[in-house]
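Taking it in order: structure first as structure tokens, then the write-up.
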Amino acid sequence: MKLYTYALAPNPRRVGLLMKYKGIELETQEVDMMAKEQLSPAFSAVNPRLTLPTLVLNDGTTLSDTIAICAYLDDAFPDKPVFGKTGLQRAQIIGYCHSIFFEGFTAVAEVIRNKGKAFKDSPLPGPLKMPQIAELVERGNLRITAFFETMNTEVEGKEYLVGETVSQADIDLYVVLGFCGWVRRAIPEDCVALQTWFDAMKLKLGE
């Protein structure tokens, strides 16, 4: 297998932290998103969607959705499972991953991608070109505030979101909370449970 990634970006970090936690080592190629290498003909031949991370399997099958890559690697390397030990836990973890991505990750992305020149004509990842919408910056920030409040409630009294060990839901929440810093949004002082959870998870993930 070969993983194409850009280790600093949030979606690649979701995969990278899974690999670190589970002790997975793969052939890896860094694709410099700051230099827009993901838009190059060479990478387009690997993944026409132009997104990272991308995992190419030994038989040539390509996985380009982060959650799909995580699920595949968790199954291929079953020690220390991050998608649960029962059907119910798996369903709960996937549910958290979905809501964390939709309510948190995309909120931050709205802010980043709809202002400034870095993402001019590219407010969404991939090859499709479209104009930025300035109003989405304000909406994204409102969504980030709501996300902090929601997740503060979710982690209240919990060490892990689901079960008794680190799951992909924990990894995703940890990554998205860090991603909020890209738009200068820190966990609010009144979200004590969330800050405590984040600090503990940082140690568990060895960061």
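The values are calculated or read from the model by the stated rules, or taken from the named source; none is laboratory data. Quick caveat, the model's predicted, so the values are computed rather than measured. We place every Cβ from the backbone using ideal geometry, glycine too, and count neighbours over all the protein chains shown. The accessibility values were calculated without ligands, DNA or RNA, using every heavy atom of the protein model including side chains. Shrake-Rupley method; radii C 1.70, N 1.55, O 1.52, S 1.80 Å.
Every listed requirement among (1) open to solvent by 10 Å² or more (accessible area, probe 1.4 Å); (2) in a loop (DSSP other than H, G, I, E, B); (3) within 22 Å of residue 19 (Cβ to Cβ); (4) touching a residue at least 24 places away in the same chain (Cβ under 8 Å) is met by residue 178 save one, (2). Quick one: would you say residue 8 is open to solvent by less than 50 Å² (accessible area, probe 1.4 Å) and either modelled with pLDDT of 95 or more or within 18 Å of the chain's Cα centre (by Cα) (or both)? Judged against the criteria, residue 8 is not a match.
Taking the criterion of being among the aliphatic types (A, V, I, L, M), closer than 30 Å to residue 128 by Cβ and over 19 Å from the mean Cα position of the chain (by Cα), the only residue of the stretch 57-96 that qualifies is 57.
The sole residue among 122, 99 that is free of Cβ contacts under 8 Å to residues at least 24 places away in the same chain, of a type in the set (Gly, Ala, Ser) and assigned to a helix (DSSP H, G or I) is 99. The number of residues in the stretch 42-87 being part of a helix (DSSP H, G or I) and either under 17 Å from residue 163 (Cβ atoms) or not small (Gly, Ala, Ser) (or both) comes to 12. Restricting attention to the stretch 155-175 and to residues that are part of a loop (DSSP other than H, G, I, E, B) and of a type in the set (Gly, Ala, Ser), the residue that is most open to solvent (accessible area, probe 1.4 Å) turns out to be 157. Being under 16 Å from residue 175 (Cβ atoms), surrounded by fewer than 20 Cβ atoms within 10 Å (Cβ to Cβ) and among the basic types (Lys, Arg), is that true of even one residue in the stretch 24-43? Scanning the stretch 24-43 turns up no residue that is under 16 Å from residue 175 (Cβ atoms), surrounded by fewer than 20 Cβ atoms within 10 Å (Cβ to Cβ) and among the basic types (Lys, Arg). Scanning the stretch 185-207 for residues that are open to solvent by 30 Å² or more (accessible area, probe 1.4 Å) and either in a helix (DSSP H, G or I) or touching an Asp or Glu at 6+ places or on another chain (Cβ under 7 Å) (or both) turns up 192, 195, 196, 198, 199, 200, 202, 203, 204. Taking the criterion of being polar (S, T, N, Q) and either buried (at least 16 other Cβ atoms within 10 Å of the Cβ) or in contact (Cβ under 8 Å) with a residue 60 or more places away in the chain (or both), the residues of the stretch 45-60 that qualify are 47, 51, 54.
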